[in-house]
Amino acid sequence: MSGVILETKNLTKQFRGFTAVNDVNLKVQRGHIHALIGPNGAGKTTCFNLLTKFLVPTSGQILFNDKDITAAKPAQIARMGVIRSFQISAVFPHLTVLQNVRIGLQRQLGTSFHFWQSERALDRLNDRAMQLLAEVDLTEFADTVTVDMPYGRKRALEIATTLAMEPELMLLDEPTQGMGHEDVHRVTDLIKKVSAGRTILMVEHNMKVVSGICDKISVLQRGAMLAEGTYAEVSRNPQVMEAYMGTEAAELEGAH
Ligand SMILES: Nc1ncnc2c1ncn2[C@@H]1O[C@H](COP(=O)(O)OP(=O)(O)O)[C@@H](O)[C@H]1O
Ligand SMILES: [Mg+2]
């Protein structure tokens, strides 16, 4: 298997004549934490939705492990090991943290989940769920009703339910959005930890997170690829600095 796990070829998305993603050639290396960044309106979310199959491209191709997945449905790529982090709204707020992870595990089993109705199998399901909670440092919250957890912990739960699907490639959409410093730090460490043996592609605004854990960064501007490289490389690229002029320039520098 090649070192490239995910590749796009001339990926393009137009909305009624407006080109939101323009001829993007992206290569994500296996084992990397790869960030997609860019100023507001650059096309990050559109690109993410193309990769997760929530949007159909106007033209171009998407390859996962050298297989063409351009026409695949979200559920199909999930079975192949490409898992998008679930939004918090997809976690059941009035169930406990443990119950939510169990649902994630059952979802992965799909139609065969009746198998789990035997008692021994249910024990194994619980064991695996507790293992996942330990991995994201939520053991003490197992019996907490999800709605009662602090925001940052809910994002950790979201990562646990994603891990339940056994992703080969995890796609995270702004995992630290709306968090205070402490939660940002915790979730950043968590992403680093769960990246072992996996590949992670994330859209992320926080430059401290990007500079801290990402192996490679792709910068989008007006739908097109502006620059690629390590944080050190892209952050001193004059075109990138110009693209971030204004409020976000400070952010880019502040991460050093
Ligand atoms: N469904 C849509 N219909 C029309 N224009 C859209 C749609 N989605 C996004 N756009 C436009 O595409 C551009 C890129 O948007 P987006 O991908 O959300 O950027 P980012 O996530 O980088 O801020 C923006 O100009 C936005 O207005
Ligand atoms: Mg966006």
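Each value in this text was obtained by applying a stated rule to the coordinates, not by laboratory testing. None of these values were measured; they are calculated from a predicted model. Here the Cβ is made from the backbone with ideal geometry for all residues, glycine too, and neighbour counts use every protein chain on show.
Using the Cα centre as the reference, give the magnitude of the dipole from point charges on the C-beta atoms of the stretch 92-166 (Lys, Arg: +1; Asp, Glu: -1; all else neutral), rounded to the nearest 20 debye.
Here the stretch 92-166 has a charge dipole of around 220 debye.
Among L125, N65, Q221, whose Cα sits farthest toward the positive end of the charge dipole of the chain (+1 at Cβ of Lys/Arg, -1 at Cβ of Asp/Glu, about the Cα centre)?
N65
What's the Cα-based Rg to Rh of the stretch 140-256, Rh via Kirkwood?
My calculation puts Rg/Rh at 1.01.
Once you charge only the Cβ atoms, +1 for Lys and Arg and -1 for Asp and Glu, what is the size of the charge dipole of the chain about its Cα centre, to the nearest 20 debye?
With Lys and Arg at +1 and Asp and Glu at -1, about 780 debye.
Using Cα pairs closer than 8 Å and at least 6 residues apart in sequence, work out the relative contact order for the chain, in percent.
Rounded, it is 26 percent for the chain.
To the nearest 0.05, how large is the calculated FRET efficiency for R16 and N40 if R₀ is 25 Å and r is the Cβ-Cβ distance?
With a Förster radius of 25 Å, E is 0.80.
Between beta-carbons, use under 15 Å as the cut-off and find the net charge around T146, counting Lys and Arg +1, Asp and Glu -1.
Net local charge, T146 excluded: 0.
What is the helix-to-structure angle for 97-109, meaning the angle in degrees between its Cα long axis and the longest Cα principal axis of the chain, kept from 0 to 90 and rounded to the nearest 10?
80 degrees
Once you have the alpha carbon radius of gyration of the chain, what is it after dividing by 2.2 N^0.38 Å, with N set to its residue count?
Ratio of Cα Rg to 2.2 N^0.38 Å: 1.04.
Using the Cβ atoms and a cut-off under 11 Å, what net charge is assigned to the surroundings of K73, where Lys and Arg are +1 and Asp and Glu are -1?
+2
Give me the distance between the Cα centres of the stretch 200-218 and the stretch 127-149, rounded to whole Å.
Using only Cα atoms, the two centres lie 26 Å from each other.
Could you work out the relative contact order of the stretch 92-166, using alpha carbon pairs under 8 angstrom and six or more residues apart, expressed as a whole percent?
49 percent
Along the charge dipole of the chain, pointing to its positive end and built from +1/-1 on Cβ of Lys, Arg, Asp and Glu, which listed residue (V4, V97, M207) has its Cα farthest out?
Towards the positive end, the residue furthest out is V4.
Report, in deg cm²/dmol and to the nearest 500, the calculated mean residue ellipticity at 222 nm for the chain, where each DSSP H run with n ≥ 4 adds -39500 (n - 2.57) and the sum is divided by the residue count.
-11000 deg cm²/dmol
Using 0.36 nm per residue, how much length does the chain from D23 to K67 gain when fully extended, once their Cα-Cα distance is taken away?
Length gained between D23 and K67: 13.9 nm.
Please compute, for the alpha-carbon atoms of the stretch 92-166, the extent along each of the three principal axes and give them in descending order in Å.
34, 22, 20
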